[in-house]
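Let me begin by presenting the structure, written as structure tokens, before commenting on it.
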Amino acid sequence: MAEYEFKHLRVFYAHPTGESPGEIPKSVKALKTLIETKLKEKFESLAAAPVIVVTPGRADHASFFKGDWEKWQEDVVRRRHALTGEPRYSVFVVPGESCGRATAGILQFAMTKGRKVLRWDRKENKLRPVKKVVAFDSEDWISGFMVT
């Protein structure tokens, strides 16, 4: 990863809406640890690696949602860091193979903007690239979209 020249790796954790408030911090910690482990393989020392900041979707929603789901979905992807001007999130991670409508919108928009979108396979504790997000029941706002 020597080609990366960033100090922070900001990750949007696109967790399911049903993930409990008590489980989200545990998932954030596990995801951060997984990413740090991957970065250790790429950098000579972890001190040379970027600082990883994982933000759960619920926290972003609480801070930035203004009543319009579509605007919020696009804002998650378009938002810039106030100090650096860089995209607020450089990586988007969804756990599992299905997601809800809002998450699908975020992931699809991120992919159109050339951002890295990954699926977290929790059983194998691996991150896999997402190639597409497909609706199999667009009326199912909780899990009607397949992530492949």
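Taking the criterion of being surrounded by fewer than 15 Cβ atoms within 10 Å (Cβ to Cβ) and modelled with pLDDT of 95 or more, the only residue of segment 80-94 that qualifies is 80.
Does residue 76 fit the bill of being farther than 20 Å from residue 122 by Cβ, of a type in the set (A, V, I, L, M, F, W, C) and surrounded by fewer than 19 Cβ atoms within 10 Å (Cβ to Cβ)? It is false that residue 76 is farther than 20 Å from residue 122 by Cβ, of a type in the set (A, V, I, L, M, F, W, C) and surrounded by fewer than 19 Cβ atoms within 10 Å (Cβ to Cβ). The requirement of being closer than 16 Å to residue 11 by Cβ, at pLDDT 95 or above and touching a strand residue (DSSP E or B) at 6+ places or on another chain (Cβ under 6 Å) is satisfied by residue 111. Looking at 136, 145, just one residue is aromatic (Phe, Trp, Tyr) and in contact with a helix residue (DSSP H, G or I) (Cβ under 8 Å, 6 or more places away or on another chain), and that residue is 145.
Residue 58 meets the stated requirement of being surrounded by fewer than 16 Cβ atoms within 10 Å (Cβ to Cβ), within 21 Å of residue 21 (Cβ to Cβ) and basic (Lys, Arg). When residue 30 is tested against (1) more than 17 Å from the chain's Cα centre (by Cα); (2) under 24 Å from residue 128 (Cα atoms); (3) modelled with pLDDT of 95 or more, just one condition goes unmet, and that condition is (1).
Taking the criterion of being hydroxyl-bearing (Ser, Thr, Tyr) and touching a residue at least 24 places away in the same chain (Cβ under 8 Å), the only residue of segment 46-83 that qualifies is 55. Restricting 63, 45 to residues that are loosely packed, with under 13 Cβ neighbours inside 10 Å, farther than 13 Å from residue 12 by Cα, out of contact with any Asp or Glu (no Cβ under 8 Å at 6 or more places or on another chain) and at pLDDT 95 or above narrows the list to 63.
The values are calculated or read from the model by the stated rules, or taken from the named source; none is laboratory data. In this text the structure is predicted, and so the values were computed from the model without any measurement. Heads up, the Cβs are rebuilt from the backbone with ideal geometry, glycines too, and the neighbour counts pull from every protein chain shown.
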